[in-house]
Structures are given as C-alpha cells and as structure tokens.
Amino acid sequence: MSMKLVTQVSVGQSPFRLTHQRPLLMVGSCFTEHIGQMLSQGGFEVMQNPFGILYNPFSIVECLHRCLTLQPLGNDDMVCHHGLWHSWLHHGSFSNSDAQQVVNSCMQSQQRTHELMERGCQLIVTLGDAHYYTLHDTDYVVANCHKMPASCFDLHQATPAAVVDAFVPLIERLQQYRIQVLFTISPIRHWAYGAHGSQLGKAVLLLAVDELVQRYPKQCFYFPAYEIVMDELRDYRFYADDLLHPTPLAQRIIFERLIESCADKDTQRLLGQYQMLHNMESHRPINTDSDEYRCFEAKLTELRNEIKNNHIQ
C-alpha cells in the first residue's frame, strides 16, 4: 500500500458542462484572470472582468446587473481625484483625465458583455473577500478606492445572508438567458485583515455560496479551488514570494481539476489540442529553410485542421 502524502479534496461533477460551443464570462478577483488565461489558451471564447478585477460580492453583483440592464454610469458613480476621473464601480484601468472617455470605455465594455450574455454564455464567478468599503456615511459600495484617503470610506464585513440576498435576484434574471453559474472562492488570503479576519471573510463567502448552490442545484455549482489550495497544496513551494498568491504550478493544478470536474471527455481532448497548438505556435525556429522546419509546419497545419473539424462537430 502506497503512503498518502496529501489530503485530496473531493470535487464532484458539475450539473452542467463547460464546452467550446458556449462563450465564458469570468468575473471576480485576480485569480479569475489566471484561470481565464489558461481557458483562453485552451480554445475557449473568454471575456474576463468587464469592470476590471473585483473582490467583494456586492461589486460583482452590481457589475453583472449593469451588464444585463445596460444601466449607464451616473454622476454619483464618478469621482475626480488628482486630475483623473474614476468610476467607483470599475478598476483603475478605466480611469482617465477625460471624464467622457471613462464613460465611453465603461459602456463599451458593458455593451460587449451584454451581447455575450444574450448568447447564453456560461458564467464563472470568483469571490475574493467578504470585506467591502462604502463611501463615508453612505451605503454606496465601491469596487475600488482609487488610492483616495482612508477617511473617504467605511469598512464593513458582509454577512452570508446579505451575500445570498444580493445574488438571488441576479441568478433569477440570469435564468432568462440560460446562464449557469460556476462559483469559486479565491485561495488568495487577504492578509490586510489579519489571519483571523481573512478566514472570517472566506467563511462568509463559503456559507453564502453553499446556500446559493442548494437553492439552485441545476444552475449553480461550487468548485473548491480554495479548499484544494488550503489542503492538497498545503506547502509553501506552491506559493509565490509573498507567501499568499499561488504559483503558476498551483494554478495549473487547480485548472486541471476544474476541467476534470466541469468538462466532458471531448472538450478535454479539444482543450489539449489547443494547448498543443499554443505551444507549437510559440516555438521560435532557428532555421526556417530546413526539412525539419517544413515537417513542423506540416504538423502544425494538420493540427489546425483537426481542431477546426472538432469545433464543427
């Protein structure tokens, strides 16, 4: 009998399958973008974070709600600080010295996301933390503080019930577009709140997502990325230099477990072909006037044709 060196997390099978025939919309923390990049390299049509990186559940819900309804930015959604205009709902990558340019960029991204939703995309939501900020003495939740003074904001921690109440109307609306939701919780700890505070924030999210999956068992699924990192990858060789973020190896392991759980064999095979194509196209030949290179080009063309035929099927 071989000795077990890790406590393996049981994932289970999703009630729905990720396929190359349906686009993916990914919203949430920076962990979303790591997985999204691998899905994109695997041939999936992926749109990542239309409002930029988001961490708290209320900002994620607001992003998705506005993309569904095409609600425009209002004056209350904007602020000017040190010569730059910012949106309270968006990441700083949308900021600009021209207020109208900020509005245009935000609405263009919103429109593209709305069109993707109308096509019946599949949605992957990665919740980062249950802590959130509001503008001082108001209930306006900000997605980004844009490096403004701390005195401008009040810090809160959500309750599981509040997170559930925020998501329920959104999930009901998503049903109209046949959109299924795959929830994950980012394994990146928010150390600014301390070890205990970070764990409390994750606990809130875990309880809330569990309630949502129980309410909508056919439309929602929870993939335990957080638990895989905390238990299976419980070794600092799987963490970056800050000892908080997972390394590329850890991200790859999580990605492979996700595909095993949420994609059928045909999709897994096609994804593998796309990954092979990505590796081959990244190859930089030394001598393009050689038999070896011509053979390589022939194999590359054959692989592209095979992928094209598999997509048509």
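At full extension, Cys152 and Glu118 could sit 8.5 nm farther apart than now, given 0.36 nm per residue minus the alpha carbon distance. Residues in segment 54-75 near a label at Ala240, defined as backbone nitrogen under 20 Å from the 7 Å Cα→Cβ point? Residues passing the 20 Å test: 54-56. What you get for the chain, charging only the Cβ of Lys and Arg (+1) and of Asp and Glu (-1), is a dipole of about 600 debye around the Cα centre.
Pick out, from Leu84, Cys152, Val102, the residue whose Cα sits farthest towards the positive end of the charge dipole of the chain, with +1 on the Cβ of Lys and Arg and -1 on the Cβ of Asp and Glu. Of the options given, the answer is Val102.
Given R₀ = 25 Å, what would the calculated FRET efficiency be for Ala161 paired with Asp137, taking r from the Cβ atoms and rounding to 0.05? E(calc), rounded to 0.05, equals 0.60.
Semi-axes of segment 193-313's equivalent ellipsoid from the Cα gyration tensor, sqrt of 5 times each eigenvalue, largest first, rounded to whole Å?
Values: eigenvalues 317, 100, 15 Å².
With the √(5λ) rule applied to segment 193-313, the semi-axes are 40, 22, 9 Å.
The lysines within cross-link reach of Lys299, meaning a Cα-to-Cα straight distance under 22 Å and a gap of 8 or more places when in the same chain, are Lys308. Each principal axis of the Cα atoms in the chain has its own extent, and those three values, largest first, are 70, 56, 42 angstrom. Result for the chain in a Gaussian network model with C-alpha springs under 10 Å: among Val103, Val209, Val46, the largest mean-square fluctuation is at Val103.
Working from Cα pairs under 8 Å separated by at least six residues, relative contact order for the chain is 21 percent.
In whole percent, and with a 1.4 Å probe on the protein chains, what portion of the accessible area of segment 7-88 is carbon and sulfur? About 50 percent, which is the carbon plus sulfur part of the accessible surface. Model label points for Asp76 and Ala99, set 7 angstrom from Cα along the Cα-to-Cβ axis, are 1.6 nm apart.
Here Lys202 is the anchor, and the lysines within straight C-alpha reach of less than 30 Å, apart from those fewer than 8 places off in the same chain, are Lys4, Lys147, Lys218.
Taking a probe of 1.4 Å, how large is the accessible area per residue of the chain, in Å²?
51 Å²
The values are calculated or read from the model by the stated rules, or taken from the named source; none is laboratory data. All of these numbers come straight from a predicted model, not from anything done at the bench. Backbone-built Cβ (ideal geometry, glycine too); neighbour counts: all protein chains shown. The protein model used for the area step is the full one, side chains on, heavy atoms only, and it has no ligands, DNA or RNA in it. Shrake-Rupley method; radii C 1.70, N 1.55, O 1.52, S 1.80 Å.
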